[in-house]
Amino acid sequence: MKEVIYEVKGVSKRYGSVVALDGASLKLHAGEVVGLVGDNGAGKSTLVKVLSGAHMPDGGQIELDGKQVSWSSPREALDAGIETLYQDSGLAPHLTVSKNVFLGREITKRGLLGKLGFLDSKAMEEKAHSELERVGIAVPASNRSVSQLSGGQRQAVAIGRAVAWARKVIILDEPTNHLGARQAGEVLQVIKEAKKKGLGVIFISHTLPHVLEVTDRIVVLRLGKVVRDAPTSEFTGDTLVGTITGTIQTIPEEDA
């Protein structure tokens with residue numbers, strides 16, 4: 001097994017009287033896809049926000065490459081190599097594919113007398129096209145407006161942007177939600193390409209067949225606690241549903 005690149009240990013988070021996370025732990029290895037699943041209210045969204053730097057935990061610790069870290073903002077996590085893609089994809093529909101790939105990271109060139117900076121649209125189009133092609137995304141043209149793409153293409157572009165920029169970890173929150181079978185297949189293929197690149201991927205989804213297809217390991221949350229952490233090969237569709245709902249009683253693998 002490759003080295004652990006990202007880990008949360010015993011994290012807790014409360015919102016008033018509501019306990020969202022209760023001593024939850026999760027580890028992620030380089031080149032591994034971990035599925036994070038659970039029913040509504042299980043604590044998945046809160047754990048994602050802790051991992052991405054959006055929320056600070058009330059207790060526990062976070063480690064990146066074996067060193068303890070504390071994120072005060074999503075930008076800090078992003079700068080450390082952790083890309084997070086939420087359900088809304090975060091794309092600007094009025095901009096082109098290339099400008100979305102480089103949104104916030106634009107390539108500029110010197111203007112008149114070297115004093116004025118201009119966007120280097122050609123360089124961004126060429127690099128965006130090569131980066132998306134490298135992770136298996138077929139987009140008609142990188143200078144095409146995102147509003148002209150299908151839902152699957154938009155999501156694939158968003159994930160491709162994350163893969164292109166991530167240095168260590170990608171967190172994907174329901175990336176195949178509301179997509180057709182073919183479109184979802186394109187997105188799942190990009191996740192597989194991210195794994196080949198050596199990135200660690202945390203895949204949150206209610207679509208359990210997708211989780212079973214692309215993950216190496218599955219972590220099940222229930223009421224803010226990790227109730228099962230085991231290789232995907234140990235689950236079937238039925239046992240995974242039973243573990244999520246509590247009809248199958250389990251304990252985390254490390255405590256077994």
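Every number in this text was worked out from the coordinates using simple rules, so none of it is lab data. The shown structure was predicted, so the numbers you read here are calculated from the model rather than taken from an experiment. A quick note on method: Cβ atoms are made from the backbone with ideal geometry, for glycine too, and the neighbour counts reach across all protein chains shown.
How much of the pair distance distribution for segment 153-256 lies past 24 Å, counting alpha-carbon pairs only, in percent?
Value for segment 153-256 (Cα pairs over 24 Å): 27 percent.
Can you tell me, using C-alpha contacts under 8 Å and at least 6 residues apart, the relative contact order of the chain as a whole percent?
Relative CO of the chain lands at 25 percent.
Per residue and in cubic angstrom, what volume does the convex hull of the Cα atoms of segment 1-112 have?
Taking the convex hull of the Cα positions in segment 1-112, it is 173 Å³ per residue.
Could you pull the Cα extents of segment 29-73 along its three principal axes, largest to smallest, in whole Å?
Computed over segment 29-73, the largest-to-smallest principal extents equal 31, 28, 17 Å.
From zero up to wherever the largest Cα-Cα distance of segment 168-221 sits, split into 10 Å bins and tell me the percent of pairs in each.
All Cα pairs, binned at 10 Å, distribute as 23, 62, 15 percent.
Exposure proxy check: 144, 228, 182 ranked by fewest other beta carbons within 10 Å?
By the 10 Å Cβ count, ascending: 182, 144, 228.
For the chain, what does the helix formula give at 222 nm: sum of -39500 (n - 2.57) over DSSP H segments with n ≥ 4, over the residue count, nearest 500 deg cm²/dmol?
-9500 deg cm²/dmol
Would you mind listing how long the chain runs along its three principal axes, going by Cα atoms, in whole Å with the largest first?
67, 38, 37
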